[in-house]
Amino acid sequence: MTSGYPGRMEELTRAFEFERRWFERCSTRLQRFEFGVAYLDEEYRQRYFSNFLLADKRLNDASAEALVEAGERILGEAGYEHRLIILRDERWAERFAPAFQALGFSTSREVTMTHRRDPDRDANLPVEEVPFAVVRSLIQEMYREDPDLPEDIALLFAEQHAKYERVAGARFFAARVDGRLAGSCELYQGGDDAQVENVGTLEQFRGRGVARSVILRAVQAAREAGARHVFIVTNEEDWPRHLYARLGFDQIGRTWEFLKSPGGSRGDQQGHTSTEQGTSNSLR
């Protein structure tokens with residue numbers, strides 16, 4: 001984690017609690033276990049990051065083996081083929097990581113970044129706020145650009161964003177290039193806190209400032225609606241975090257994700273791809 005900024009831990013705590021409330025609203029079932037809560041969206045069982053265990057309690061009594069057993073018990077008994085366990089305490093995540101890897105889990109880290117500064121330069125494209133119905137075909141097309149994602153799953157995942165709008169009030173911001181919808185992002189907000197998510201650009205329009213434009217417009221909309229804390233989450237190893245830094249976001253923390261997927265890969269069926277490939281952080 002980064003350090004030295006006054007209020008960093010408060011910002012990180014607020015971001016994590018905001019995400020927790022989001023998980024609760026979008027899940028169809030919650031199951032508490034000895035080390036945290038399992039969030040399950042049984043309407044979208046194929047998406048790994050809609051069906052996972054968040055371990056954040058009594059970790060001093062836990063081990064990788066105990067967390068894997070909890071995953072087997074909860075996800076396995078519910079008929080899920082994948083196993084996904086998320087930890088937000090870096091000390092314990094680092095300690096457990098070798099054992100998770102020995103048990104066949106892959107490891108990735110997501111960084112949480114909060115918006116604090118002016119961007120290095122302004123957006124260069126006009127952006128419109130639209131309902132999901134307007135961006136449905138765009139989101140479908142972005143999913144289809146993932147060669148590892150079957151057509152039926154691409155359509156299913158795109159429709160999940162209608163649920164985000166219906167259940168949690170997601171707002172959609174889209175930019176056009178040459179008159180055509182080229183990319184979009186989403187904004188989730190609750191009072192003082194807001195999250196920018198699911199930034200994506202169609203392949204043919206990359207490199208033209210689409211992501212910059214939609215993100216900055218979403219941040220502006222969040223501020224206008226009263227948000228004092230605006231954050232975004234992205235994979236630590238993907239290039240979008242460097243773009244977000246140029247847009248005024250600073251890293252404040254990391255989340256560790258331990259995944260065992262049926263095929264042993266980390267494709268979009270788990271919910272994560274890189275920005276400008278179709279999503280920025282995680283089409284959840």
Problem - Rounded tilt (10° steps) of 8-26 against the dominant C-alpha axis of the chain - result: 90 degrees
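Could you quote the convex hull projected area for the chain, Cα atoms only and averaged over all directions, in nm²? Walk me through the numbers on the way to the answer.
Numbers: hull surface 56.0 nm².
Mean projected area of the Cα convex hull: 14.0 nm².
Tell me, what is the FRET efficiency for ASP61 and ASP192 to the nearest 0.05, using R0 = 25 angstrom and their Cβ-Cβ distance as r? Please list the in-between numbers first.
Numbers: r = 34 Å, r/R0 = 1.36.
Once the sixth-power term is evaluated, E becomes 0.15.
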Exercise for the section: Would you give the gap between the C-alpha center of the stretch 119-169 and the C-alpha center of the stretch 194-251, rounded to a whole Å? Expected result: 14 Å
Fill in the blank from the handout: In whole percents, the bins of 5 Å from zero upward hold the Cα-Cα pairs of the stretch 65-146 as 3, 9, 13, 12, 11, 13, 13, 12, 9, 5, 0
Exercise for the section: At most 13 other Cβ atoms within 10 Å plus a DSSP loop assignment makes a site exposed; report the longest stretch of the chain without any exposed GluC sites (Glu not before Pro). Expected result: 82-235
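In the stretch 103-178, which trypsin sites (Lys or Arg not before Pro) are in a loop and have at most 12 other Cβ atoms within 10 Å, using DSSP for the loop call?
On the way: sites: ARG109, ARG116, ARG117, ARG121, ARG136, ARG144, LYS163, ARG166, ARG171, ARG176; in loops: ARG116, ARG117, ARG121.
Hits after loop and neighbour filter: ARG117, ARG121.
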Handout entry: Computed accessible area, TYR164, all protein chains, 1.4 angstrom probe, square angstrom
Key = 10 Å²
Problem - Neighbourhood charge, 12 Å Cβ-Cβ cut-off, centred on ARG73 and excluding it, Lys, Arg +1 and Asp, Glu -1 - result: -3
Practice task
Give the carbon-plus-sulfur fraction of the accessible surface of the chain in %, rounded to a whole number; probe 1.4 Å, heavy atoms of protein chains only.
Solution key: 45 percent
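The values are calculated or read from the model by the stated rules, or taken from the named source; none is laboratory data. Keep in mind the model is a prediction, meaning the values are calculated, not measured. So basically every Cβ, Gly included, is an ideal-geometry build from the backbone, and we count neighbours across all protein chains shown. The accessibility values were calculated without ligands, DNA or RNA, using every heavy atom of the protein model including side chains. Shrake-Rupley method; radii C 1.70, N 1.55, O 1.52, S 1.80 Å.
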